[in-house]
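Here the structure is laid out as structure tokens; the discussion comes afterwards.
The values are calculated or read from the model by the stated rules, or taken from the named source; none is laboratory data. Note that this is a predicted model, so its numbers are computed, not measured. Cβ sites come from the backbone with ideal geometry, for glycine too, and all protein chains shown count toward neighbours.
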Amino acid sequence: MRTQVAIIGAGPSGLLLGALLHKAGIDNVILERQTPDYVLGRIRAGILEQTTVDMLVEAGVGAGVKKDGIAHHSIELVFSGVRHPIDVHGLTGGKLVTAYGQTEVTRDLMDARNSAGLPTVYEAANVSVHDFDGDRPRVTYQKDGQMLEVNCDFIAGCDGFHGVCRASVPAGSITEYEKVYPFGWLGVLADVPPVSPHAIVYGNSPKGFSLCSMRSMTRSRYYVQCPLDDKVEAWSDQRFWDELRSRIDPELAANIVTGPSIEKSIAPLRSFVAEPMRFGSLFLAGDASHIVPPTGAKGLNLAASDVKMLSSALAQHYVDKSPNGIDNYSQRALARIWKAERFSWWLTSLMHRFPDSEGFGQKMQEAELDYLVHSKAASMVLAENYVGLPLDQH
Ligand code: RFL
Ligand code: PHB
């Protein structure tokens, strides 16, 4: 098989890149290790920045988010048992975020790709990338026991944190920065009305972090901070609801509608960046090149801004015959990524209980939270990062 861009991974990065390239008239093939149902079954992000919504519209897949996405004009911080609204909309001159799940984003992209008849190979085993140090890169894979090959001009590594693309780069050409946090998030999805349908609620309590979010007016997503070695089996639904109620303010706790969980999982928290994001004709995008802790909801949004930059870089190459886009891709993407890394790290540090955060560390958190909700300048810093920084900040 021959194509212009071989995309590895059919998560949000790979599918959105495929859609944007198709719009620009650039051929692409996606190779995905899993089945479509497996990809859709992973319950992950839920909050989209305006720039991400705009990209879905630009890629021709905005109908779902426009119809079912729920606008949030504010967030709330809960600490010392009291709720503090942050008017994100007012503080940013009218920007907002939209609640619309990663599963829905992925399904919309998959459906559009199927309708357009664009090639996606699911259950592609042993995907392997070759010769990306020259201008005739290749990808090999196995399907139904057969060894197959894709010849291409470029390879886009959209294959997530554990993918094959970053792992194929010679160790001396890549630098990795990492911070692992000493706790995880236990997440529950349940078909119950959200306790706070108009604002995402982030809680800091003596028992640890909590988060009240949603997927729709009838589906809620809640999280509590948990020890890294905790097991999902140790958390009955009742234990989860009791724990969540004990970490938020009494009024909110009294209003939580509980019900059976339809998904329950524990995710570790990590900050990670690999630099650079281009190696000859191989590019990395999304979780393949960086991870943020989910506090602040930046993971999926960063994946979207990476592929927006990569698709315009490739369009410059094919349409304008200019190398500038692909030469600048890594530097341009990393400038935005590091700022989102900083924001996610800061909000994580502010909202969680750390094993060693007694005494001085605890007092610093309390002072910062108090400052944040009473200073307009500090609230603005939170708000402008929460809605998402511009693609380029000069
Ligand atoms: P994905 O979604 O991981 O997709 C990568 C795809 O590549 C495939 N793949 C391969 N295909 C072929 N050959 C190989 N060798 C392959 N290796 C992997 C995989 O099967 C997969 O389909 O990366 P992408 O597209 O860059 O998208 C990034 C987002 O998924 C991610 O940033 C967010 O979901 C992060 N994240 C969250 N972000 C938020 O903003 N809010 C959240 O609440 C939130 N929760 C989460 C999360 C990430 C989690 N992970 C990674 C464990 C919760 C979890 C549990
Ligand atoms: C979610 O809805 O899953 C969600 C919302 C906000 C976050 C992280 C996750 O910061």
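Brief remarks follow.
- Taking (1) in contact (Cβ under 8 Å) with a residue 24 or more places away in the chain; (2) within 20 Å of the chain's Cα centre (by Cα) in turn, ASP87 satisfies each apart from (2).
- Here ARG221, ARG166 are screened, and the one residue that is within 15 Å of ligand 1 (Cβ to nearest atom) and closer than 23 Å to LEU48 by Cα is ARG221.
- Qualifying positions in the stretch 355-394 - within 30 Å of ALA313 (Cβ to Cβ) and not in a helix (DSSP H, G or I): VAL387, GLY388, LEU389, PRO390, LEU391, ASP392, GLN393, HIS394
- Hits in the stretch 19-35 (condition: closer than 30 Å to TYR318 by Cα and within 13 Å of ligand 1 (Cβ to nearest atom)): ALA19, VAL29, ILE30, LEU31, GLU32, ARG33
- Complete set of residues in the stretch 266-284 that are of a type outside the set (Val, Ile, Thr) and over 12 Å from LEU310 (Cβ atoms): ALA267, PRO268, LEU269, ARG270, SER271, PHE272, ALA274, GLU275, PRO276, PHE279, GLY280, SER281
- Close pairs (9 angstrom Cβ cut-off, 6 or more residues apart or separate chains): over 22 Å from GLU263 (Cβ atoms) in the stretch 172-188, loosely packed, with under 11 Cβ neighbours inside 10 Å anywhere: PRO182/PRO355; PRO182/ASP356
- Selection within the stretch 36-50 - at pLDDT 95 or above and either aliphatic (A, V, I, L, M) or within 12 Å of ligand 2 (Cβ to nearest atom) (or both): VAL39, LEU40, ILE47, LEU48, GLU49
- Meets criteria (under 30 Å from LYS376 (Cβ atoms), basic (Lys, Arg) and not in a helix (DSSP H, G or I)) for ARG136: no
- Of the residues THR35, THR52, THR3, the single one that is under 30 Å from LYS321 (Cα atoms), within 21 Å of the chain's Cα centre (by Cα) and among the hydroxyl-bearing types (Ser, Thr, Tyr) is THR52.
- Residue check for ASP153: modelled with pLDDT under 95 and over 30 Å from GLU251 (Cα atoms): no
- The number of residues in the stretch 96-120 that are small (Gly, Ala, Ser), surrounded by fewer than 18 Cβ atoms within 10 Å (Cβ to Cβ) and assigned to a loop (DSSP other than H, G, I, E, B) comes to 2.
- Filter pass, LEU21 being in a strand (DSSP E or B) and in contact with a strand residue (DSSP E or B) (Cβ under 7 Å, 6 or more places away or on another chain): no
- Residues in the stretch 246-297 that are touching an Asp or Glu at 6+ places or on another chain (Cβ under 8 Å) and among the small types (Gly, Ala, Ser): GLY259, SER261, SER271, ALA274, GLY280, SER281, ALA285, GLY286, ALA288, SER289.
- Of residues in the stretch 150-171 being aliphatic (A, V, I, L, M) and touching a residue at least 60 places away in the same chain (Cβ under 8 Å), the one surrounded by the fewest Cβ atoms within 10 Å (Cβ to Cβ): VAL169
- Enumeration of residues in the stretch 36-64 that are over 25 Å from CYS152 (Cβ atoms), away from ligand 1 (no atom under 13 Å from the Cβ) and either part of a loop (DSSP other than H, G, I, E, B) or not polar (S, T, N, Q) (or both): VAL53, ASP54, LEU56, VAL57, GLY62, ALA63, GLY64
- Of the residues in the stretch 51-67, none is over 22 Å from SER213 (Cβ atoms), in contact with a Ser or Thr (Cβ under 6 Å, 6 or more places away or on another chain), at pLDDT 95 or above and surrounded by 16 or more Cβ atoms within 10 Å (Cβ to Cβ).
- Criterion: within 30 Å of SER375 (Cβ to Cβ), more than 16 Å from ligand 2 (Cβ to nearest atom) and outside any helix (DSSP H, G or I) - qualifying residue of ARG83, ARG33: ARG83
- Residue in the stretch 348-364 that is under 24 Å from ILE47 (Cα atoms), surrounded by fewer than 17 Cβ atoms within 10 Å (Cβ to Cβ) and free of Cβ contacts under 8 Å to residues at least 24 places away in the same chain present: no
- Close pairs from the stretch 255-276: first over 15 Å from GLU243 (Cα atoms), partner buried (at least 17 other Cβ atoms within 10 Å of the Cβ) and among the acidic types (Asp, Glu), Cβ under 8 Å, at least 6 apart: SER271/GLU341; VAL273/GLU341
- Among the residues of the stretch 135-149, those that are touching a residue at least 60 places away in the same chain (Cβ under 8 Å) and within 12 Å of ligand 1 (Cβ to nearest atom) comprise VAL139, TYR141.
- Of the helices (runs of 4 or more DSSP H) lying entirely inside the stretch 230-318, none contains at least 3 residues that are surrounded by fewer than 18 Cβ atoms within 10 Å (Cβ to Cβ) and within 16 Å of ligand 2 (Cβ to nearest atom).
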